[in-house]
């Protein structure tokens, strides 16, 4: 069992209030083991790397996930507060990213599984579906001192069931937009005084979600893609008070964005903005405030931005913000930052064994994957605590790294934990082995950087 530095212990003690003392002690073993274990992130693998493979009471550690009483919502609230305290200065807006990812799982006893579109295996010409559990993840976009790009740290993860699975389990079906509305209301209650910007891809471009964000006690800005054929209207014209009947909610129909794109009278503005890959890119933009209408819901006020590339390196696209006063350049910047959550999903699969979990009870499934995503954020906070300015990089003569990635943060935390294990030595010469320091460093490096 490692004995981390007092700073790491103090960091983890924030979560002690969410569970009993025995459960928290077992949770620390699972956390340390999940960080140190390479490959699969099962409870068995965690116990082996912690030297507890011969433990007779191993079932107690399984019960942390499938029986012990604690709430993932409480842990999410504590984790978000911790991330804000460490990374986001007072008065700075919280940039929240929301997206979905698929955990490929099969098995008759996994009730939450369904067949969903597999984004990693699909192409523009062919849609591939896979069996598994779809998770909706909300992450906080934060700056880190060792990287030029911001990182997306998850703090809430919930399963999004298919309509067929929801009906089979007798649960009220919630779409991705429904979950987004539920989660943003929770975060707003947790952080009532902070300015919040919620950024999602085109699947979260819904009038209902815009309406919910605008109607919160303190409104939340929603940024997403906008379809080029979206129905846009002018503001309603003033109506005489003497005229009877309901007041109009919208004015005249505006040309949709596809028409504006090909209209020679459209006035484009050339700007240079930060783009994907950390480079600046010249863009032509046009922006305006409109009422966005969809049948069955009241229209909402938005600011849309139509973007095209002078070099034709990508197809023209459009974004919107639920705050009509937002600047077009800021809207584009917010949406470009959304890509960092995709990087987090890839790092989760490559470094933390996402999709290698093997629990099948419903409660264990509901808890294990969110805890694994939370572990990603915990590793980054631990690395920041240990190396607040510069993170050690894995360098070789044939590859020079210019900035840190999550593998470096994970290796730094692993190095700290391995160095703080309690190693006992025997007085009997037969049990003593002399290991050259170069070999010991090589073995440590392999252990720390193994995926």
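Table: residues versus (1) under 26 Å from residue 185 (Cα atoms); (2) free of Cβ contacts under 8 Å to residues at least 24 places away in the same chain.
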residue: 64; (1), (2): no, no
residue: 85; (1), (2): yes, yes
residue: 90; (1), (2): yes, yes
residue: 98; (1), (2): yes, no
residue: 133; (1), (2): yes, no
residue: 138; (1), (2): yes, no
residue: 152; (1), (2): yes, no
residue: 157; (1), (2): yes, no
residue: 161; (1), (2): yes, no
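Residue-wise test of (1) under 28 Å from the mean Cα position of the chain (by Cα); (2) in a helix (DSSP H, G or I); (3) within 17 Å of residue 358 (Cα to Cα).
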position	(1), (2), (3)
24	yes, yes, no
28	yes, yes, no
34	yes, yes, yes
39	yes, no, yes
61	yes, yes, yes
64	yes, yes, yes
69	yes, no, no
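Could you check, for the stretch 344-354, whether at least one of its residues is in contact with a strand residue (DSSP E or B) (Cβ under 6 Å, 6 or more places away or on another chain), assigned to a helix (DSSP H, G or I), surrounded by 16 or more Cβ atoms within 10 Å (Cβ to Cβ) and on the phi < 0 side of the Ramachandran plot?
The initial filter retains those residues of the stretch 344-354 that are in contact with a strand residue (DSSP E or B) (Cβ under 6 Å, 6 or more places away or on another chain), namely 344-345.
From the residues that got through so far, the ones that are assigned to a helix (DSSP H, G or I) too are 344-345.
Right, trim to surrounded by 16 or more Cβ atoms within 10 Å (Cβ to Cβ) and you get 344-345.
Those still in the list that are on the phi < 0 side of the Ramachandran plot too: 344-345.
Within the stretch 344-354, one or more residues are in contact with a strand residue (DSSP E or B) (Cβ under 6 Å, 6 or more places away or on another chain), assigned to a helix (DSSP H, G or I), surrounded by 16 or more Cβ atoms within 10 Å (Cβ to Cβ) and on the phi < 0 side of the Ramachandran plot.
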Across the stretch 275-286, what is the number of residues that are part of a strand (DSSP E or B), within 29 Å of the chain's Cα centre (by Cα) and surrounded by 15 or more Cβ atoms within 10 Å (Cβ to Cβ)? 3
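Being without any contact (Cβ under 8 Å) to a residue 60 or more places away in the chain and either in contact with a strand residue (DSSP E or B) (Cβ under 9 Å, 6 or more places away or on another chain) or part of a loop (DSSP other than H, G, I, E, B) (or both) is the filter here; which residues of the stretch 178-205 pass it?
Answer for the stretch 178-205, where residues must be without any contact (Cβ under 8 Å) to a residue 60 or more places away in the chain and either in contact with a strand residue (DSSP E or B) (Cβ under 9 Å, 6 or more places away or on another chain) or part of a loop (DSSP other than H, G, I, E, B) (or both): 179, 182, 188, 192, 193, 202.
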Condition first: modelled with pLDDT of 95 or more, in contact with a strand residue (DSSP E or B) (Cβ under 9 Å, 6 or more places away or on another chain) and surrounded by fewer than 16 Cβ atoms within 10 Å (Cβ to Cβ). Can you find one or more residues in the stretch 291-300 that meet it? no
Condition check for residue 219: touching a residue at least 40 places away in the same chain (Cβ under 8 Å), assigned by TED's automatic domain parsing to the domain that holds residue 286, within 22 Å of the chain's Cα centre (by Cα) and not in a strand (DSSP E or B): yes
Provide a single number: the residues in the stretch 185-222 that are in contact with a helix residue (DSSP H, G or I) (Cβ under 8 Å, 6 or more places away or on another chain) and closer than 18 Å to residue 300 by Cα. 18
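Here is a check on your reading of the model: is residue 209 under 19 Å from residue 81 (Cβ atoms) and buried (at least 16 other Cβ atoms within 10 Å of the Cβ)?
Details: under 19 Å from residue 81 (Cβ atoms): no; buried (at least 16 other Cβ atoms within 10 Å of the Cβ): yes.
No, not satisfied.
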Those residues that are under 30 Å from residue 311 (Cα atoms), surrounded by 10 or more Cβ atoms within 10 Å (Cβ to Cβ) and either outside the structural domain of residue 316 (by TED's automatic domain parsing) or touching a strand residue (DSSP E or B) at 6+ places or on another chain (Cβ under 7 Å) (or both), I need them from the stretch 235-271; list them, please. 254, 256, 257, 260, 261, 266, 268, 269, 271
Residue in the stretch 96-118 that is at pLDDT 95 or above, outside any loop (DSSP other than H, G, I, E, B) and more than 21 Å from residue 354 (Cβ to Cβ) present: no
Give me a count of the residues in the stretch 381-413 that are in a loop (DSSP other than H, G, I, E, B), buried (at least 16 other Cβ atoms within 10 Å of the Cβ) and in contact (Cβ under 8 Å) with a residue 40 or more places away in the chain. 4
Every residue from the stretch 229-268 that is assigned to a strand (DSSP E or B) and more than 33 Å from the chain's Cα centre (by Cα): 233, 253
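The values are calculated or read from the model by the stated rules, or taken from the named source; none is laboratory data. It should be emphasised that the depicted structure is a prediction, and the values quoted were computed from it without experimental measurement. Don't worry about glycine lacking a Cβ; one is built from the backbone with ideal geometry, like all the others, and counts go over all protein chains shown.
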